[in-house]
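In what follows, a single structure is set out as structure tokens and then discussed.
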Amino acid sequence: MTNDSPLSASDRLIVALDVDTPEMARQIVRELDGVASFFKVGYQLFVATGQGFVRELADAGKSIFFDLKINDVAETVKLAVSNLPDREEVRFLTLQGPAATVRAAVEGRGGRRGPKFLHVPLLSSIGEDDLREMSLIGEGSGLSAVQDYIVAQAAPALDAGADGFIASGAAIGLLRSAFPGRDFCIVSPGIRPAGTAKNEHKRSATPADAIAAGADYLVVGRPIRDAQDRAQAAQSIIEEIAAALARDV
């Protein structure tokens, strides 16, 4: 999925509900009403609330990105995916691991239209030094750089049925270049408006840079969650996305 798709700038913003309680999450959703309608639910909130809060979001008409990075034996993956809420609002689910994980997830989804599966080739908090320490690149690995590792992880996942990838920073353009002519979605985490802290993300990008590189959706957490005016923070990011899209036309 490339940036000429009919998505508006506001459609492309996914707000990460990285909070501890449903009350805190509801407050963020309320403050962003009319500004953002796509939300990420990850481990932190899911462990606290289970599927009940996801259904609550769906009932309110909000789009949901389930960021669980599922990776287990094939049967467990298949059953986990089959037990997801069968709601069109559950748009994305992250997977992490080999092609077998993706194939099992596709089997678990069955004939349902969603969710789309986003493979995570490499967490945005892991850098080249970390991969060398784990002997995943460098001598004896057959891979010389972090870019090689990302493509080596992404290729079999795409062939197995992944609908897209989680990619940040330079990895966005890398994946677009690595698989020309293939139709897939890129969701980019670690988005940091210019002048804000990168935190633990080693391949962060500004909203404009991520869109220009080929990202379809941007996940933004702390810059919105921790803002004094969350609606204004989200609106500023949407405006930056819109400006980047206009330049890309």
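Each value in this text was obtained by applying a stated rule to the coordinates, not by laboratory testing. It should be emphasised that the depicted structure is a prediction, and the values quoted were computed from it without experimental measurement. Backbone-built Cβ (ideal geometry, glycine too); neighbour counts: all protein chains shown.
A few comments on the model shown:
- For the pair ALA100 and GLU139 in one chain, pulling the backbone fully straight at 0.36 nm per residue adds 11.4 nm over the alpha carbon distance.
- Value of D in µm² per second that Stokes-Einstein yields for segment 10-248, Kirkwood Rh from Cα pairs, at 25 °C (0.890 mPa s): 134 µm²/s
- Within segment 108-150, the GluC sites (Glu not before Pro) that combine a DSSP coil assignment with at most 10 other C-beta atoms in a 10 angstrom radius are GLU139.
- Cα centre as origin, Lys/Arg/Asp/Glu Cβ charges: segment 10-248 dipole, Debye: 340 debye
- Structural descriptor for the chain: relative contact order 21 percent, calculated from alpha carbon pairs under 8 angstrom and at least 6 residues apart.
- Point-charge dipole on Cβ atoms (K/R +1, D/E -1) for segment 20-70, about Cα centre, debye to 20: 160 debye
- Cβ-derived FRET efficiency at R0 41 Å, ASP33 paired with GLU75, nearest 0.05: 0.50
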